[in-house]
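Undergrad: Structure incoming, see below.
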Amino acid sequence: MRENKILENVTVLNKVDNRQYLITSVTDGVGTACLLENGEVNEDISVMISSSNAIAFRLISNPNVPDIPDGYSVEDGILLKDGVAATQQGSLVIKSIVTSVPGKLLLSVLPRENTTEYDDYIDLFAYKPDEDKFKKLIPVSIPMPEVIGVCDKYVILKTSYTHFETKKDFNGKDIFAEYFDNAEIIVYDGAKNYISSYLMLDAPINNVITVRNSMNVPTWVIEYTEQVCDNNYYNPNCDCGYDCENDCGDYDECNNCDYHLDTITNTKELIEMDHIKAEMIALNGGTLMRLNSINIPSHIKSVSIGWNSADFIRLEDRIMIGEYVDKIITDSKIMSAVEGYDWIVDTSKEDNVTRIALANDNMEIKYIVITETSDRGDVVKVE
């Protein structure tokens, strides 16, 4: 056992008598460990553990939550701790610190062998300072990821795969462009130190919104644009069998029905984005689950889920209230009146009147009251 594991509440195995002990106290780096018998601590039998004899013990369990490593930085490919080289890193060339979690650093590392044509691909590593160990988390190199959420022991990242290709337009002119392949959501389990889940998406991710919910289930909405043809490069002679000016479903057959990035203007913005799609995903035991998806007319500003599973989605131009309420509010005055009230905490319905309780971060409450009428539709007010 390493001497830095001499901590209170740590259970160790004594290699000499083959019995387990619990470290009950630590003073000046020396731990007092008492014998564990049938789950009970026997304080009459104890041993002292220090740097000189720690090798005679094996770590069984450590319930202590490690600190988040701090003071680390990267300079010229070297991982530094308080400005000094943190370790002997051999042939590893560190590009950046992706993020920090308790007891570990997530690092982007220059691939040892350049197996791709792209300079921005990296190898994803975890580094445990207390054990001075590096671990490669994904066998292959990936595009530089971005952290979209940290929940308890999990880190959620996103990345996007593209390729460059020359294609001919319908006039026979060569067009060199960057084409989208797929996007990926990656979950890193910081406690077990491995990648626990992947989720592939066949459309570019525009935005990721953290869902406020009352069920302690990490949930996000992935906002992306569904694949459509680019009319600027539309081939009127395309025989893929789809109406390419509107929606092409056969992207392999239709040479011009790809997402591609505008390399002429170098804006790296998608050409011809059609309707926006929002898909809700949740993290359950380290595994990502796809829940539901909807088409939306504008970008999402916030999402919350109440105790009764009602969804409150605030878009740029409307409010959508889901599940059994199923209402859409576009009145700008109503939207302004509940600006900042993005927690849906209760919904109730009596006869033709629905009341939706919303809270802000200061626990102040406002109600959207919707009265259904037979002659003028819904009458909406805020209380």
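Undergrad: Given the conditions (1) surrounded by fewer than 17 Cβ atoms within 10 Å (Cβ to Cβ); (2) under 29 Å from the mean Cα position of the chain (by Cα); (3) among the aliphatic types (A, V, I, L, M), and given that residue 300 satisfies all but one, which numbered condition is not satisfied?
TA: (1)
Undergrad: Within the range 105-122, identify whether any single residue is surrounded by 13 or more Cβ atoms within 10 Å (Cβ to Cβ), outside the structural domain of residue 180 (by TED's automatic domain parsing) and under 30 Å from residue 15 (Cβ atoms), and answer yes or no.
TA: No, because not a single residue in the range 105-122 is surrounded by 13 or more Cβ atoms within 10 Å (Cβ to Cβ), outside the structural domain of residue 180 (by TED's automatic domain parsing) and under 30 Å from residue 15 (Cβ atoms).
Undergrad: To continue, here is another question. So, residue 93, is that one in contact with a strand residue (DSSP E or B) (Cβ under 9 Å, 6 or more places away or on another chain), more than 30 Å from residue 16 (Cα to Cα), in contact (Cβ under 8 Å) with a residue 12 or more places away in the chain and of a type in the set (A, V, I, L, M) or not?
TA: Values: in contact with a strand residue (DSSP E or B) (Cβ under 9 Å, 6 or more places away or on another chain): yes; more than 30 Å from residue 16 (Cα to Cα): yes; in contact (Cβ under 8 Å) with a residue 12 or more places away in the chain: yes; of a type in the set (A, V, I, L, M): yes.
Criteria met by residue 93.
Undergrad: Can you give me the number of residues within the range 331-365 that are part of a helix (DSSP H, G or I) and among the aromatic types (Phe, Trp, Tyr)?
TA: Going through the range 331-365, the residues part of a helix (DSSP H, G or I) turn out to be 332-337.
Then drop every residue that is not among the aromatic types (Phe, Trp, Tyr), which leaves none.
Residues in the range 331-365 being part of a helix (DSSP H, G or I) and among the aromatic types (Phe, Trp, Tyr): 0 in total.
Undergrad: Here are the criteria: (1) assigned to a strand (DSSP E or B); (2) modelled with pLDDT of 90 or more. Tell me which single one residue 304 does not satisfy.
TA: Looking at each condition in turn, residue 304 falls short on (2).
Let's see how each residue does on (1) of a type in the set (Val, Ile, Thr); (2) assigned to a loop (DSSP other than H, G, I, E, B):
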site	(1), (2)
1	no, yes
13	no, no
16	yes, yes
32	yes, no
35	no, no
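Undergrad: Looking at the range 263-277 only, could you name the residues that are over 26 Å from residue 327 (Cα atoms) and either at pLDDT 80 or above or hydrophobic (A, V, I, L, M, F, W, C) (or both)?
TA: Selection gives 264, 270, 271, 273.
Undergrad: While we're on this one: Tell me which of these residue 137 doesn't satisfy, since it passes every other one: (1) in contact with a helix residue (DSSP H, G or I) (Cβ under 9 Å, 6 or more places away or on another chain); (2) not assigned by TED's automatic domain parsing to the domain that holds residue 222.
TA: (1)
Undergrad: If you don't mind, another one. Evaluate the following for residue 67: is it among the acidic types (Asp, Glu) and in a strand (DSSP E or B)? If you could, list the steps in order and put the result at the bottom.
TA: Values: among the acidic types (Asp, Glu): yes; in a strand (DSSP E or B): no.
The answer is no for residue 67.
Undergrad: Which one of these does residue 147 not meet: (1) under 19 Å from the mean Cα position of the chain (by Cα); (2) modelled with pLDDT under 80?
TA: (2)
Undergrad: In the range 7-27, which residues are surrounded by fewer than 15 Cβ atoms within 10 Å (Cβ to Cβ) and farther than 12 Å from residue 47 by Cβ?
TA: 7, 8, 9, 18, 25, 27
Undergrad: A further question follows. Which of the residues spanning the range 60-80 are surrounded by 14 or more Cβ atoms within 10 Å (Cβ to Cβ), at pLDDT below 95 and more than 23 Å from the chain's Cα centre (by Cα)? Spell out the reasoning first.
TA: Going through the range 60-80, the residues surrounded by 14 or more Cβ atoms within 10 Å (Cβ to Cβ) turn out to be 60, 62, 66, 69, 72-74, 78-80.
So of that shortlist, the ones also at pLDDT below 95 come out as 60, 62, 66, 69.
Once the filter is applied, which keeps residues that are surrounded by 14 or more Cβ atoms within 10 Å (Cβ to Cβ), at pLDDT below 95 and more than 23 Å from the chain's Cα centre (by Cα), the range 60-80 yields 60, 62.
Undergrad: For the list (1) in a loop (DSSP other than H, G, I, E, B); (2) in contact (Cβ under 8 Å) with a residue 40 or more places away in the chain; (3) within 21 Å of the chain's Cα centre (by Cα), I need the number of the one condition that residue 131 fails.
TA: The one condition residue 131 does not meet is (3).
Results for (1) assigned by TED's automatic domain parsing to the domain that holds residue 23; (2) touching a residue at least 40 places away in the same chain (Cβ under 8 Å), shown as yes or no for each residue.
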site	(1), (2)
51	yes, yes
57	yes, yes
71	no, no
102	no, yes
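Undergrad: Separate question: If only one of 289, 280 is part of a strand (DSSP E or B), under 25 Å from residue 338 (Cα atoms) and at pLDDT 80 or above, which one is it? Talk me through it step by step, then tell me what you get.
TA: Numbers: 289 fails: under 25 Å from residue 338 (Cα atoms).
Only one candidate qualifies: 280.
Undergrad: Being more than 22 Å from residue 211 (Cα to Cα), exposed (fewer than 12 other Cβ atoms within 10 Å of the Cβ) and of a type in the set (Val, Ile, Thr), is that true of even one residue in the range 342-356?
TA: Within the range 342-356, not a single residue is more than 22 Å from residue 211 (Cα to Cα), exposed (fewer than 12 other Cβ atoms within 10 Å of the Cβ) and of a type in the set (Val, Ile, Thr).
Undergrad: Among the residues of the range 158-193 satisfying the criterion of being in a loop (DSSP other than H, G, I, E, B) and of a type in the set (Lys, Arg), which is nearest to the chain's Cα centre (by Cα)? Walk me through it before giving the result.
TA: Here is the first cut: in the range 158-193, the ones in a loop (DSSP other than H, G, I, E, B) are 169-173, 190-193.
Within this subset, residues satisfying the condition of being of a type in the set (Lys, Arg) are 173, 192.
Details: 173: 41, 192: 17 Å.
Across the range 158-193, the extreme among qualifying residues is 192.
Undergrad: Also: Taking the conditions exactly as written (assigned to a strand (DSSP E or B) and of a type in the set (Asp, Glu)), does residue 123 satisfy them or not? Even if it seems obvious, please write down each step before you answer.
TA: Working: assigned to a strand (DSSP E or B): yes; of a type in the set (Asp, Glu): yes.
Taking the combined requirement at face value, the residue satisfies it.
The values are calculated or read from the model by the stated rules, or taken from the named source; none is laboratory data. Computed from a prediction, not measured in an experiment: that's the story for all the values here. Every residue, glycine among them, receives a Cβ derived from its backbone with ideal geometry; neighbour counts consider all protein chains shown.
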